[in-house]
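Working notes for the structure below.
The values are calculated or read from the model by the stated rules, or taken from the named source; none is laboratory data. What you see is a predicted model, and the numbers here were worked out from it, not measured in a lab. For neighbour counting, all protein chains shown are included, and Cβ atoms are generated from backbone atoms with ideal geometry for every residue, glycine included.
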């Protein structure tokens, strides 16, 4: 019997993790932090059902921290086994985990100052730099399409997911006594036809599929319309000498936005304007993208080979120091500031929002999904005032929510991804989606394929005899 025990991302979109208890081994697929909500830190500090001493291997679908951010906790608990992922994911995860540690340290220092003045005991760090290093040492590269035995009786194979560089769907083949069962974990599925990355590869065979459902309730706006609106906002900022602040995930979204800004300049839709990349993590991630050009789609590969991208982004300025970052708050004139984190929960972008939201001649672009409970979600929902660092900030800037930039597939693309394997009638489990999104997608799948998907809750266990 195979048991699947979910450690997060059930009825929500963060904290991804699933324990696979096979007859001869236990494997963990992803182990991410929770984001949004008052209890996110407490939940992220817990290993849940995961026992470091009973775990044989970890497999990562991709490097976003809601999929890998709890791995240092696992290392701190004594896990020293392998962590399998694509080479690009290992590179990016090392960067993101180190950055998460730095953000945690800064946020903790600020919170403990507040607690000290209130007479409360200090909070402890969730993990340290040594734990991040231990995770890095555990990394084992597993290229796309290569089947490898990762634990007794379990073979893993990764396929392109099209979400961020190196992202993968995971196929686990579990064998015992001459019986072979195939489990597929979709990871985060990307849209088809997006620039930079190749399209996701659907599964061909499976006995059980664990599938994400972030946009299960709706299709994403057409990409062409989203890009056109983005160009209009850029052009308006140039005309009115306004700043644009874009909270963007350091990995994936930042590189996509830079691509579209370069394209707009190249095609004459906007004149060259200052673009500030104010995120050490995003800068490092962009360099990592440059090291893995073998994963680019055909369009970007051609632009890189000819040097066109570098020419288009001559006005790009990388902000290194905190002092230089602060100086942007007093800058006048049209400019674009791209900074992490994507849901406005941490990092330098929170400071930029604090100094921008109250301005009437300013724009904030939210380029993707915003989880409930986050500052980004409050802005997307039209909040007239938000709290930043415990202080109220009125929202006078124009806020644009361009969800068409999301790196997640829409409902139709999710259904298409499932089409190839659905005729086999696999057992289907929906995760990584709000309850509404999962419910709607479940209905659409039943209408299309006659499969009734399961929607587990926290602590749920799914068994496969």
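Things worth noting here:
- Selected residue (only one of 327, 339 is at negative phi, in contact with a helix residue (DSSP H, G or I) (Cβ under 9 Å, 6 or more places away or on another chain) and not assigned by TED's automatic domain parsing to the domain that holds residue 106): 339
- Screening residue 142 with (1) at pLDDT 95 or above; (2) surrounded by fewer than 19 Cβ atoms within 10 Å (Cβ to Cβ) gives one miss only, at (2).
- Exactly one residue out of 98, 109, 125 is touching a helix residue (DSSP H, G or I) at 6+ places or on another chain (Cβ under 9 Å) and in a helix (DSSP H, G or I), and it is 98.
- Of all residues in segment 266-284, those satisfying the criterion of being within 19 Å of residue 333 (Cα to Cα), touching a helix residue (DSSP H, G or I) at 6+ places or on another chain (Cβ under 7 Å) and not in a strand (DSSP E or B) are 269, 270, 271, 272, 273, 278.
- For residue 178: the one exception among (1) modelled with pLDDT of 95 or more; (2) surrounded by fewer than 24 Cβ atoms within 10 Å (Cβ to Cβ): (1)
- Here segment 189-204 is the region considered, the condition is being under 20 Å from residue 286 (Cβ atoms) and in contact with a strand residue (DSSP E or B) (Cβ under 7 Å, 6 or more places away or on another chain), and the residue that is modelled with the lowest pLDDT is 196.
- Strands (runs of 3 or more DSSP E) fully within segment 363-465 that include at least 3 residues being buried (at least 17 other Cβ atoms within 10 Å of the Cβ): 398-401, 427-431.
- Among (1) in contact with a helix residue (DSSP H, G or I) (Cβ under 8 Å, 6 or more places away or on another chain); (2) over 29 Å from residue 197 (Cα atoms), the one test that residue 459 misses: (1)
- For segment 24-45, residues that are under 19 Å from residue 103 (Cα atoms), outside any loop (DSSP other than H, G, I, E, B) and modelled with pLDDT of 95 or more total 1.
- Meets criteria (without any contact (Cβ under 8 Å) to a residue 24 or more places away in the chain and on the phi > 0 side of the Ramachandran plot) for residue 119: yes
- Residues being in the same structural domain as residue 432 (by TED's automatic domain parsing), free of Cβ contacts under 8 Å to residues at least 40 places away in the same chain and in contact with a strand residue (DSSP E or B) (Cβ under 6 Å, 6 or more places away or on another chain) are entirely absent from segment 131-138.
- Taken over segment 76-87, the criterion of being modelled with pLDDT of 95 or more and in a helix (DSSP H, G or I) is satisfied by 87 alone.
- Any hit, segment 46-65, residues being assigned to a helix (DSSP H, G or I) and either in contact (Cβ under 8 Å) with a residue 60 or more places away in the chain or crowded, with 21+ Cβ neighbours inside 10 Å (or both): yes
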